[in-house]
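The values are calculated or read from the model by the stated rules, or taken from the named source; none is laboratory data. What you see is a predicted model, and the numbers here were worked out from it, not measured in a lab. Please note: Cβ atoms are built from the backbone with ideal geometry, for glycine as well, and neighbour counts cover all protein chains shown.
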Amino acid sequence: MVSTDLPLDVSGRPIALRPVDLDTFLRPRSIAVVGASEAGAKPNSLMTARLHAFASEHGARFHPVTPSHSSVFGVATVARLADVDDSIDLAVLLTGADRVVDHYAEACAVGARFAVVFASGFAETGARGAELERRLRELVAEGPTRLLGPNTNLNAFSEFRNDLVGPAIALITQSGHQGRPVFQAQELGVRLSHWAPTGNEVDLEFADFAAYFADHDDVGVIAAYIEGFKDGRTLLLAADHAARRHTPIVVVKVGRTETGASMAMSHTGHLTGHDPVIDAAFDQFGVIRVDGLDELLDVSATLARTGRPARPEPGFCIYSISGGTGAHLADLAAAAGLRIPTLSEATQRALHDGLIPEYLRVSNPVDCGGPPVMDDRGRRILDVLLAAPEIDAMLVPITGALDAMSEPMTRDLVAAAAASTKPVFVVWGSPVGTERAYRETLLGSTLPVFRTFQNCVRAARAWQDWWRFADEHRSPFVADSPASPAAASVRAHLETIPAGPTLRETDAKAIVRSYGIATTRDRSCRTAAESVAAATELGFPVVMKIDSPDIAHKSDLGLVEVGVATSSAVRRIHRALLDRARASAPHARVDGVLVCEQVDDGVEMLVGVSTDELFGPVVSVGFGGVFVEVLADVAIGVPPFDERHARRMCSSLRGAALLRGVRGAPPVDENALVDVIMKAQRLALELGDEFTEIDINPLIVRRLGAVALDALVVRRT
């Protein structure tokens, strides 16, 4: 069997990736091709030819398997895999979906190390295909043979250029066509080392390849086109592993819209995931998300070709031969949050000392006017700028209008960058793209080179942000402690509660209190007299609300009254709440009226736990109360995360300044809010199998401490 025991956290999810010997898959010593052919231009023949060429190039033994031909490419065939007189590292199955399951079973029976299923016609096509895919999954679980696909291709066995230098891009795609533009970037001088086409990911998945590529010292970045991930936890583990290895991951992830998600499901049969949660997971683990394949290439190539900035917020110098060009790029760079520091007086004097005319601006952006790049001043200007202590990188737009300027300028840029540790980002703005300065000088170098200002700025920001993340990242996947006593206590409490998906508020609050989250003091009262006694005990004013497990959002139905200040008001409102409940929700179970202490000296927040189809329990924090849907100011954390990330979640909120005090209001206890987030995460990890939703809203964060005014808990049915 190919499965292996892995360490688990309290949620039952792994905290380590499975080991997979992908060296054998990518460099097999023996290849058996089922359905081998060399007849015509059919897909089988083209795939067989590719594998035969790969085997010849890498010294692997090639075994064509087919009853239809006596030989293929001059190699004698056998009728079945069982007839191959050799150990099989890789079995490539080129037959149709209906037959391929039996061929994979045969590959397992002969002990093949890996198999590739080229055919489509599985989960992406509907119920019948899903059944075929289910049978493949069963065989994977029972047998010794790792499987790539189905619905994949043989891009992993493409021939890569070996004349290019520098750290490489390793490519992972779920669509061969979408990976082609990145693969073709070798013609632009961008080095690639691997291409893993994962298809439907019945077995081998994105995470297996991402972790494997991150362990290769010659891989500078992992680029991916993804329609859906097989497993949220393995995605996080792979991203965490890559971050600890300082290998960036750049991803085009489709499914931002309902239309895109639907198309992705029909292509690979993958769940695309809830997009805001995907974004949160990427942000949490340093995965850089881009939208276009051009961005994927440009950002990936940049990260492969550049090292760590000298400081967390690097200073950028914009240098051009045109003031207008520099101003345009400066606008975009500043809008993207790049820091463009003013050059020191000493640096400006050096630039004006015989290099750049006095009337041109050199404070940053720097405008040389053009002619200086045509002589030795061009290189001297670059040396001055790269030596400036406030500068960590340069952005250089070139219009490419005049060869007399472009050719010496590009030569000087390549030479100056080679003598410096500071990266130089170059934008070649000519729409022609055939100029020698571009095709030979720039593309023949290892500089990050772009065709648009926007992609240059996007890549520069990604470079800045990724290294800041990597330098601060600490893996949250550590040996976990046993489940807390609170988990057993809550499970025991659930046994005493009547069946039903939504818990009464008092039971919901008891659960969050079990995890150390403070709640208001509440009393459940069946009569008006009991409500008066409860209000007197708790102290006026009080909050009164209907007590029902069947009415989740009481405020929407007018079933909450705040600031009830007298005994007579308590009696009147007790009766009114019961009447309103009967009128607005006649079939709801009503257990009486809750009388609660009133707390209103703080900021209303929410902390919630919901269940994502890909990642399982996720934790949210935001500004709460009745305006939560209107404000929609919420940050998401995907467990596991540490206290530092919980604090980042709070500071990322648009209204974060409210926590620190505005317009004379005192700051509130942000530490208490972080503490509630961490306790909610622990609850989610330990009891995620019990609940689909937990909402603490409002949570009043006070000058000292935080108190849950309401809680909603929905059981998993």
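Any chance segment 55-62 includes a residue that's in the same structural domain as A107 (by TED's automatic domain parsing), at pLDDT 95 or above, surrounded by 14 or more Cβ atoms within 10 Å (Cβ to Cβ) and over 39 Å from the mean Cα position of the chain (by Cα)?
yes
Conditions tested, residue by residue: (1) more than 29 Å from A334 (Cβ to Cβ); (2) among the aromatic types (F, W, Y); (3) outside any helix (DSSP H, G or I); (4) touching a Pro at 6+ places or on another chain (Cβ under 8 Å).
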| residue | (1), (2), (3), (4) |
| --- | --- |
| E440 | yes, no, no, no |
| N455 | no, no, no, no |
| D465 | no, no, no, no |
| D471 | no, no, no, yes |
| V478 | yes, no, yes, no |
| A510 | yes, no, no, no |
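Which members of segment 680-697 meet the condition of being assigned to a helix (DSSP H, G or I) and in contact with a strand residue (DSSP E or B) (Cβ under 9 Å, 6 or more places away or on another chain)?
A680, Q681, L683, A684, L685, L687, listed by residue number.
Within segment 516-532, count every residue that is more than 21 Å from E604 (Cβ to Cβ) and either within 49 Å of the chain's Cα centre (by Cα) or part of a strand (DSSP E or B) (or both). Walk me through it before giving the result.
Initially, segment 516-532 is screened for residues more than 21 Å from E604 (Cβ to Cβ), giving 523-532.
Filter once more, so that each one left must be either within 49 Å of the chain's Cα centre (by Cα) or part of a strand (DSSP E or B) (or both): 523-525.
Count: 3.
Among the listed residues I517, I497, which satisfies the condition of being under 27 Å from M678 (Cα atoms), buried (at least 21 other Cβ atoms within 10 Å of the Cβ), among the hydrophobic types (A, V, I, L, M, F, W, C) and touching a helix residue (DSSP H, G or I) at 6+ places or on another chain (Cβ under 7 Å)?
Numbers: I497 fails: buried (at least 21 other Cβ atoms within 10 Å of the Cβ).
Step by step, each of I517, I497 is checked, and only I517 is under 27 Å from M678 (Cα atoms), buried (at least 21 other Cβ atoms within 10 Å of the Cβ), among the hydrophobic types (A, V, I, L, M, F, W, C) and touching a helix residue (DSSP H, G or I) at 6+ places or on another chain (Cβ under 7 Å).
Tell me yes or no: at least one residue of segment 17-29 is at pLDDT below 90, in the same structural domain as A107 (by TED's automatic domain parsing), under 22 Å from N155 (Cβ atoms) and not small (G, A, S).
No, the conditions are met nowhere in segment 17-29.
So D217 passes all but one of these: (1) more than 19 Å from the chain's Cα centre (by Cα); (2) within 20 Å of V277 (Cα to Cα). Which condition number does it fail?
Result: D217 passes all but (2).
Within segment 113-139, can you find the residues that are farther than 20 Å from K42 by Cα, crowded, with 21+ Cβ neighbours inside 10 Å and in contact (Cβ under 8 Å) with a residue 40 or more places away in the chain?
Matches in segment 113-139: F114, F122, A123, E124, E133, L136.
How do the helices (runs of 4 or more DSSP H) wholly within segment 314-414 filter down when requiring 1 or more residues that are touching a residue at least 60 places away in the same chain (Cβ under 8 Å): which remain?
Helices (runs of 4 or more DSSP H) meeting the threshold: 323-335, 377-387.
Using the structure shown, decide if A535 is small (G, A, S) and not in a loop (DSSP other than H, G, I, E, B).
Here the answer is yes, as A535 does meet what is asked.
Can you name every residue in segment 123-149 that is within 26 Å of P19 (Cβ to Cβ) and assigned to a loop (DSSP other than H, G, I, E, B)?
Within segment 123-149, G143, P144, T145, G149 meet the criteria.
Residue by residue through segment 91-109, note down the ones that are assigned to a loop (DSSP other than H, G, I, E, B) and touching a Ser or Thr at 6+ places or on another chain (Cβ under 9 Å).
L94
Does V562 fit the bill of being surrounded by fewer than 19 Cβ atoms within 10 Å (Cβ to Cβ) and not assigned by TED's automatic domain parsing to the domain that holds L659?
Yes, satisfied.
Check D215, D208 and return the single one that is surrounded by fewer than 24 Cβ atoms within 10 Å (Cβ to Cβ) and either on the phi < 0 side of the Ramachandran plot or of a type in the set (D, E) (or both).
On inspection, the qualifying residue turns out to be D215.
Hey, any hits in segment 183-203 for a residue that's surrounded by fewer than 21 Cβ atoms within 10 Å (Cβ to Cβ), in the same structural domain as A301 (by TED's automatic domain parsing), over 24 Å from T95 (Cα atoms) and of a type in the set (K, R)?
no
Which one of P312, P389, P397 is within 34 Å of the chain's Cα centre (by Cα) and loosely packed, with under 14 Cβ neighbours inside 10 Å?
Answer to the check: P312.
If you scan segment 414-435, which residues turn out to be under 14 Å from F450 (Cα atoms) and touching a helix residue (DSSP H, G or I) at 6+ places or on another chain (Cβ under 8 Å)?
Scanning segment 414-435 gives P423, V424, F425, V426, V427, W428, G429, S430, G433.
Could you pull out the residue among N155, N151 that is of a type outside the set (F, W, Y) and surrounded by 21 or more Cβ atoms within 10 Å (Cβ to Cβ)?
Only one candidate passes the filter, namely N151.
Is it the case, given these coordinates, that H574 is exposed (fewer than 15 other Cβ atoms within 10 Å of the Cβ) and on the phi < 0 side of the Ramachandran plot?
The answer is no for H574.
Would you point out the residue of segment 154-200, among those that are of a type in the set (D, E, K, R) and part of a loop (DSSP other than H, G, I, E, B), that is modelled with the lowest pLDDT?
Filtering first and then ranking leaves E159.
For V182, state whether it is closer than 24 Å to L51 by Cβ, among the β-branched types (V, I, T) and over 26 Å from the mean Cα position of the chain (by Cα).
Details: closer than 24 Å to L51 by Cβ: yes; among the β-branched types (V, I, T): yes; over 26 Å from the mean Cα position of the chain (by Cα): no.
So V182 fails the test.
Residue-by-condition table, conditions (1) in contact with a helix residue (DSSP H, G or I) (Cβ under 6 Å, 6 or more places away or on another chain); (2) within 20 Å of I222 (Cβ to Cβ); (3) modelled with pLDDT of 95 or more; (4) hydroxyl-bearing (S, T, Y):
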{"position": "R289", "(1), (2), (3), (4)": "yes, yes, yes, no"}
{"position": "L293", "(1), (2), (3), (4)": "yes, yes, yes, no"}
{"position": "S300", "(1), (2), (3), (4)": "no, yes, yes, yes"}
{"position": "R305", "(1), (2), (3), (4)": "no, yes, yes, no"}
{"position": "R308", "(1), (2), (3), (4)": "yes, yes, yes, no"}
{"position": "E313", "(1), (2), (3), (4)": "no, no, yes, no"}
{"position": "S320", "(1), (2), (3), (4)": "yes, no, yes, yes"}
{"position": "H328", "(1), (2), (3), (4)": "no, no, yes, no"}
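Given the criteria out of contact with any Asp or Glu (no Cβ under 8 Å at 6 or more places or on another chain), closer than 20 Å to D695 by Cβ and surrounded by 20 or more Cβ atoms within 10 Å (Cβ to Cβ), does F615 qualify?
Working: out of contact with any Asp or Glu (no Cβ under 8 Å at 6 or more places or on another chain): yes; closer than 20 Å to D695 by Cβ: yes; surrounded by 20 or more Cβ atoms within 10 Å (Cβ to Cβ): yes.
Yes: the conditions hold for F615.
Within segment 662-669, identify whether any single residue is under 26 Å from H473 (Cβ atoms) and either modelled with pLDDT under 95 or buried (at least 17 other Cβ atoms within 10 Å of the Cβ) (or both), and answer yes or no.
Taking segment 662-669 as the starting set, the residues that turn out to be under 26 Å from H473 (Cβ atoms) are none.
Within segment 662-669, none of the residues are under 26 Å from H473 (Cβ atoms) and either modelled with pLDDT under 95 or buried (at least 17 other Cβ atoms within 10 Å of the Cβ) (or both).
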